[in-house]
1. For segment 211-247, which residues satisfy the criterion of being over 21 Å from LEU58 (Cβ atoms), outside any helix (DSSP H, G or I), in contact with a helix residue (DSSP H, G or I) (Cβ under 8 Å, 6 or more places away or on another chain) and of a type outside the set (A, V, I, L, M, F, W, C)?
2. Only residues that are buried (at least 18 other Cβ atoms within 10 Å of the Cβ), within 16 Å of ligand 1 (Cβ to nearest atom) and either of a type outside the set (D, E, K, R) or farther than 18 Å from SER184 by Cα (or both): list them for segment 199-223, please.
3. Only residues that are more than 15 Å from ligand 1 (Cβ to nearest atom) and either over 22 Å from LEU61 (Cα atoms) or free of Cβ contacts under 8 Å to residues at least 12 places away in the same chain (or both): list them for segment 143-166, please.
4. List, please: which pairs have Cβ atoms under 8 Å, are six or more places apart or on different chains, and start with a residue in segment 206-232 that is more than 15 Å from PRO248 (Cβ to Cβ) and end with one that is surrounded by 16 or more Cβ atoms within 10 Å (Cβ to Cβ) and of a type in the set (Val, Ile, Thr)?
5. Given the criteria surrounded by fewer than 21 Cβ atoms within 10 Å (Cβ to Cβ), of a type in the set (D, E, K, R), under 19 Å from the mean Cα position of the chain (by Cα) and more than 16 Å from ligand 3 (Cβ to nearest atom), does ARG172 qualify?
6. Looking at LEU196, LEU175 in this structure, which one is touching a Phe, Trp or Tyr at 6+ places or on another chain (Cβ under 6 Å), under 22 Å from LEU61 (Cα atoms) and assigned to a strand (DSSP E or B)?
7. Please state which of the following conditions ALA60 fails to meet, knowing it meets all the rest: (1) modelled with pLDDT of 95 or more; (2) surrounded by fewer than 20 Cβ atoms within 10 Å (Cβ to Cβ).
Amino acid sequence: QAKREGKNGVRFFASTLDVAAQSQMFTEVRLRRALQRQELHLHYQPQVDARTGALLGLEALVRWTDEQLGDVPPARFIPVAEESGLIVPLGQWVLNEACRQLAQWGPGVPVAVNVSVLEVARDDFVAGVRSTLERHGLSGTQLKLELTERLAVRDLHRAARHLSQLRDLGVRLSLDDFGMGQSSVSTLLKLPLDELKLDRSLLADLEDSPEARRIVESLIGLARGLNLSVIVEGVETTGQLEILRAMPCSAVQGYLTGRPAAPDAWTERIRAVQSERGDP
Ligand code: C2E
Ligand code: MG
Ligand code: MG
Ligand code: MG
């Protein structure tokens, strides 16, 4: 019996691999190919002043359209990239592309790049960011890193050391998805941070539930107490925006104030910010 299994081992294995694992493997193969062929691109979503709507920054969000898989959302391929190690070349590509675009736009509106703490914990991370900034002639102050944690405490300590070094370059550090899943209060003690991004799941009941309002208000207070700025993500309705303004919440990001779009969509608005500031 063992012999028969051995002979048919490969087929047996393939036929019982569950659908999820198969599609994960296929995603990984296609993603590796897309990276090699430079087939990814970035969209940018505005982060705005909650009161005035002024453009404060743009978040870079990776986009991938595969010939066979179609548009694959980052929520599907970023976890695959993290598990397979592809997150490292992917992260390097994203950072370089965002910096290239930033240099083309010129100073005035910082760009935020998502990184997983997995990348940040690597020993070559700081040198990589520094050389990417240099390559494009950028100051660290034009860059913000949004961190999502999905890692062991050991990595968190190493990440914290690296982040401090980046902060010395003027890079701003933001903790993403706060209030959801693994972004926890204890992380605030472990990482050097400038900003909290409140997860959009916190907004679900904002308009109907006084408790939901109090939670968001408290988190904004927590951030203020720690000297962190706050961005509330996922604002979709004017009702939500009104409530947040009254709290008061200083900055928002969401479909209401701008959907992610290709870089060309933002060039004019960036020019306007630059000429208001009196830049050349
Ligand atoms: P995130 O960093 O929290 O980014 C915000 C996500 O919420 C984006 O989804 C954005 O399109 C979406 N969003 C913005 N406003 C609204 C809204 O009003 N309503 C709703 N329903 N959604 C809104 P996206 O682009 O699909 O990205 C999902 C996640 O994938 C990101 O969450 C981030 O964690 C990760 N990700 C995206 N790009 C990168 C990247 O270049 N590197 C890494 N490591 N992760 C990335
Ligand atoms: Mg983000
Ligand atoms: Mg987020
Ligand atoms: Mg998120």
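1. none
2. If the condition is that a residue be buried (at least 18 other Cβ atoms within 10 Å of the Cβ), within 16 Å of ligand 1 (Cβ to nearest atom) and either of a type outside the set (D, E, K, R) or farther than 18 Å from SER184 by Cα (or both), then LEU202, LEU203, LEU206, VAL216, LEU219 are the ones that fit.
3. ALA152, VAL153, ARG154, LEU156, HIS157, ARG158, ALA160, ARG161, HIS162, SER164, GLN165
4. Correct list of pairs: GLU207/ILE243.
5. no
6. Of LEU196, LEU175, the one residue that is touching a Phe, Trp or Tyr at 6+ places or on another chain (Cβ under 6 Å), under 22 Å from LEU61 (Cα atoms) and assigned to a strand (DSSP E or B) is LEU196.
7. Of the numbered conditions (1) modelled with pLDDT of 95 or more; (2) surrounded by fewer than 20 Cβ atoms within 10 Å (Cβ to Cβ), the odd one out for ALA60 is (2).
This table checks each residue for (1) surrounded by fewer than 19 Cβ atoms within 10 Å (Cβ to Cβ); (2) at pLDDT 95 or above; (3) under 17 Å from the mean Cα position of the chain (by Cα); (4) not hydroxyl-bearing (Ser, Thr, Tyr).
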residue: GLY70; (1), (2), (3), (4): yes, no, no, yes
residue: PRO74; (1), (2), (3), (4): yes, yes, yes, yes
residue: GLU82; (1), (2), (3), (4): no, no, yes, yes
residue: PRO89; (1), (2), (3), (4): yes, yes, yes, yes
residue: TRP93; (1), (2), (3), (4): yes, yes, yes, yes
residue: CYS99; (1), (2), (3), (4): no, yes, yes, yes
residue: ALA103; (1), (2), (3), (4): yes, yes, no, yes
residue: GLY106; (1), (2), (3), (4): yes, yes, no, yes
residue: ALA112; (1), (2), (3), (4): no, yes, yes, yes
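The values are calculated or read from the model by the stated rules, or taken from the named source; none is laboratory data. Note that this is a predicted model, so its numbers are computed, not measured. Here the Cβ is made from the backbone with ideal geometry for all residues, glycine too, and neighbour counts use every protein chain on show.
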